[in-house]
Amino acid sequence: MSATGNHLLRLVLSCRKITAQVTDSATSSIVAMASSSEHEFLAHSRAKLDRFPRTRHGLWDARVASRVGEKLGFRLVGIGVGSVEIDLDEELARPIRHRRMVLPLFDSVRRAGVSVGGAEKLGGIGLATRESGVA
């Protein structure tokens, strides 16, 4: 684990859902969590399941990831967590298509008022280009 902060943000991705959880690195206990399997996302998931023909893509996309990040960010602010770290090695090991879809999650957490350490190093799109001023 390459994170040096008090709280570590980890993502669990599957074709059906995305789950973001923040753990306290000292105790390894989960302090906040948000997932696309929560009640407000069920209608979106059902609509994708009922679509014909079904696509090969999963049930979540960058928009859903952004909303999950927003929920997580508000929960973190509510409990007083001001910064989280990501495991950069784990995020860089993801396929580029997954990385593109999870960058809006990190951006939404940052917009909610929680700094996300390590996200700027993912490069290319998302946080790194917005913070450097390159639209």
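Every condition in (1) at negative phi; (2) at pLDDT 90 or above holds for A93 except the one numbered (2).
So, R111, is that one at pLDDT 90 or above, in contact with a helix residue (DSSP H, G or I) (Cβ under 8 Å, 6 or more places away or on another chain) and more than 14 Å from L9 (Cβ to Cβ) or not? Yes; evaluated as a whole, the condition is true for this residue. For R75, the criteria (1) among the basic types (K, R); (2) modelled with pLDDT of 60 or more; (3) loosely packed, with under 14 Cβ neighbours inside 10 Å hold in every case but one, which is (3).
Scanning segment 75-119 for residues that are in a loop (DSSP other than H, G, I, E, B) and of a type in the set (G, A, S) turns up G80, G82, A93, A112, G113, G118. If we scan segment 32-49, do we find a residue that is at pLDDT 85 or above and more than 22 Å from K17 (Cβ to Cβ)? Taking every residue of segment 32-49 in turn, none turns out to be at pLDDT 85 or above and more than 22 Å from K17 (Cβ to Cβ). Scanning segment 6-31 for residues that are under 19 Å from G118 (Cα atoms), in contact with a Leu (Cβ under 9 Å, 6 or more places away or on another chain) and in a strand (DSSP E or B) returns H7, L9, L11, T19, A20, Q21, V22, T23, D24.
The values are calculated or read from the model by the stated rules, or taken from the named source; none is laboratory data. Treat the numbers as computed from the prediction; the structure is a model and nothing was measured. Because the Cβ atoms are built from the backbone with ideal geometry, glycine has one as well, and the counts that use them run over all protein chains shown.
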